[in-house]
């Protein structure tokens, strides 16, 4: 992923140098287990520990001749230890024992970073929802004024969506945090299962129960789909904030600095660029999710068709998801809320948003449903045409609106949702 959408801590995890550091750790752990089994001399493991992690540039240089990254890594790693010790490196292992076990460890760490960003977003959404729990805003369905709600209620819905995404991420982390050290077609023919248990235990990984040389790629697909779902939830937040920032609405506004410039030609522009960016990145994540599903089916015990794909989609999806969740948290935290404009828009349609309460009162009074609905609808239509307040048009129909024409009627049971939100926090 380009640096613009990658935060440093995630970029470090997926750097070539970080990958080779993890590979060295796996090789040492595997050799430690072989020492315990009496198959590798302890002196060789001491030399492996003393050897430097090969530089990415050196591995790339060797790969030009060998055309195999793992063999090039091993050659570079062994350059820094005696030949007598180097011959014990990678004993009984195949390339993907190293690659997939290391990948499981990296993906677990990357998912933890993403989950941390998601948890921060959830907390900020909860905090701001409670802050604006009584901030009345018009609810809109089909883009049209519906009934009053509150801005806090709106944010609460987003907080619960992010919370569900965190649950999915936790399940996906468990799925990908596995390794295998089982040999060329996963039969443990040349490596004792104890080696696998030792390596995976030290790395905090589970074990692929029926390895086929590689870790099953449905695990990675589950992770990328969970990232994409969190991305879609962030998109839902960002899209709502984009809509509320339109000039004719302007109920909220993204944070602006003194240096902000919204347009190269129109100095007055205050564009919702952060929200738009978050929506765009969600599209990218959905594409990665589809590609991850294509990676599940491999030929026989394995092929290499998945490898070139996941070199792109795994670091990219986690980097984008992490950037997106972090930026969304910053956006919500610094958001300016124009409460007066929200309240004004509730009253903008001259009481039309209270029609359902009037209808409910008529039904409660025993009026037949179709008659009651048509009477309120007729009054609402006149209000829409002439601008006369709904209460006045209802009075001309002989209908007493009573206490129906006010937002509090719609918030009488509102705190039941607040109670659920406080439990989430």
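Give the residue that is nearest to residue 312 (Cα to Cα), with candidates limited to residues of region 98-134 that are over 24 Å from the mean Cα position of the chain (by Cα) and surrounded by fewer than 19 Cβ atoms within 10 Å (Cβ to Cβ).
Initial filter on region 98-134 (over 24 Å from the mean Cα position of the chain (by Cα)): 98-99, 131-134.
Now restrict to residues that are surrounded by fewer than 19 Cβ atoms within 10 Å (Cβ to Cβ): 131, 134.
On the way: 131: 41, 134: 45 Å.
Once the filter is applied, the top-ranked residue is 131.
Determine whether residue 110 is outside the structural domain of residue 15 (by TED's automatic domain parsing) and not in a loop (DSSP other than H, G, I, E, B). Walk me through how you get there before you give the answer.
On the way: outside the structural domain of residue 15 (by TED's automatic domain parsing): yes; not in a loop (DSSP other than H, G, I, E, B): yes.
Taking the combined requirement at face value, the residue satisfies it.
Here's the yes/no breakdown for (1) in a helix (DSSP H, G or I); (2) without any contact (Cβ under 8 Å) to a residue 12 or more places away in the chain:
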position: 303; (1), (2): no, yes
position: 319; (1), (2): yes, no
position: 332; (1), (2): yes, no
position: 348; (1), (2): no, no
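Among 31, 72, which is the only one that is within 17 Å of residue 95 (Cβ to Cβ), in contact (Cβ under 8 Å) with a residue 60 or more places away in the chain and assigned to a helix (DSSP H, G or I)? Spell out the reasoning first.
On the way: 72 fails: in contact (Cβ under 8 Å) with a residue 60 or more places away in the chain.
Being within 17 Å of residue 95 (Cβ to Cβ), in contact (Cβ under 8 Å) with a residue 60 or more places away in the chain and assigned to a helix (DSSP H, G or I) holds for just one of 31, 72, which is 31.
Can you tell me which residue among 185, 215, 199, 191 is in a loop (DSSP other than H, G, I, E, B), closer than 30 Å to residue 39 by Cα and touching a strand residue (DSSP E or B) at 6+ places or on another chain (Cβ under 8 Å)? Let's see the steps before the verdict.
Numbers: 185 fails: touching a strand residue (DSSP E or B) at 6+ places or on another chain (Cβ under 8 Å); 199 fails: in a loop (DSSP other than H, G, I, E, B); 191 fails: touching a strand residue (DSSP E or B) at 6+ places or on another chain (Cβ under 8 Å).
One residue alone meets the criteria, 215.
Among the residues of region 34-46, how many are more than 19 Å from residue 179 (Cβ to Cβ) and in a loop (DSSP other than H, G, I, E, B)?
4
Of 228, 210, which residue is assigned by TED's automatic domain parsing to the domain that holds residue 311 and part of a loop (DSSP other than H, G, I, E, B)?
Numbers: 228 fails: part of a loop (DSSP other than H, G, I, E, B).
After ruling out the rest, the residue left standing is 210.
If residue 201 satisfies all but one of (1) touching a helix residue (DSSP H, G or I) at 6+ places or on another chain (Cβ under 8 Å); (2) at pLDDT 95 or above; (3) closer than 20 Å to residue 90 by Cβ, what's the number of the condition it fails?
Failing condition for residue 201: (1).
The values are calculated or read from the model by the stated rules, or taken from the named source; none is laboratory data. Keep in mind it's a predicted model, so treat the numbers as computed, not measured. With ideal geometry, Cβ positions are generated from the backbone for all residues, glycine too; neighbour counts draw on all protein chains shown.
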